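Student: The structure is given below, and queries will be raised subsequently.
The values are calculated or read from the model by the stated rules, or taken from the named source; none is laboratory data. The structure displayed is predicted, hence computed values, not measured ones. All Cβ positions, glycine included, derive from the backbone under ideal geometry; neighbour counts span all protein chains shown.
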Amino acid sequence: MKTITPAPEPELIVHARTGNTEAIAELFRRYYASSVAVARGILRTPDDALDAVQSAYLAAFRNFRSFRGDAKFKTWITRIVMNECLMVLRTPARRRSFVSLDHAKHDGTRPVVIDKRLTPEEVALRAEARASVMELAALLPPQLKDVFMLCDLSGLSVGETARELGLKIPATKTRLFRARSHIRSRLKTRSCAIRLVKRSR
């Protein structure tokens, strides 16, 4: 029985850019499991994750010609999936957990996410905190946002994030540090501004 050798990715990309739906479908098939894993790490709910991946893949299919090949295809599709997840998280109904930037583990895994039985006041405060983190994460430069989303929201380690994005581990750690520092700084500024507003009332 003759073994069929899978087409190399660069060849698939060339065909996909011409509108070849079979080539596009094969690229998506190769990274579907990885995309679902990323989405489930961020959204935590299987149904939400699958919906986000489907929406992301539909958007990618419609805009495939915008993929220039500057980054790896896996990086490109992962970024689209993460952006879709970010939009889901930024809707009020989804803001139920709190991401702590002050308890990040040394290996780069996701900080502890707390989602226990809380008082209405605690739920509101943590929802507001998470909303602020999501809002600021969306404003990060793409290189920093990708690393932050994978490490601190999806729960991947630094090494896993580096492999997902095709980066070296030192570069990944640097970007993660910069992303966290940027968000911490903006959160402090925002908190100070809120206190000043309250005092002026």
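Student: So which residues in the stretch 42-71 are assigned to a loop (DSSP other than H, G, I, E, B) and modelled with pLDDT of 80 or more?
Tutor: Thr45, Asn63, Phe67
Student: Which count do you get for residues in the stretch 135-156 that are assigned to a loop (DSSP other than H, G, I, E, B), modelled with pLDDT under 85 and surrounded by 15 or more Cβ atoms within 10 Å (Cβ to Cβ)?
Tutor: 3
Student: Follow-up question, since we're still on this one. Checking the condition surrounded by fewer than 14 Cβ atoms within 10 Å (Cβ to Cβ), assigned by TED's automatic domain parsing to the domain that holds Ser185 and modelled with pLDDT under 85, which residue from Leu118, Leu125 passes?
Tutor: When all the criteria are applied, what remains is Leu125.
Student: Could you run through the stretch 16-43 and say how many residues are surrounded by fewer than 17 Cβ atoms within 10 Å (Cβ to Cβ) and farther than 15 Å from Ile77 by Cβ?
Tutor: Qualifying residue count, the stretch 16-43: 5.
Student: Right, another one. So is Thr45 over 23 Å from Glu160 (Cα atoms) and either hydroxyl-bearing (Ser, Thr, Tyr) or not assigned by TED's automatic domain parsing to the domain that holds Asn83 (or both) or not?
Tutor: no
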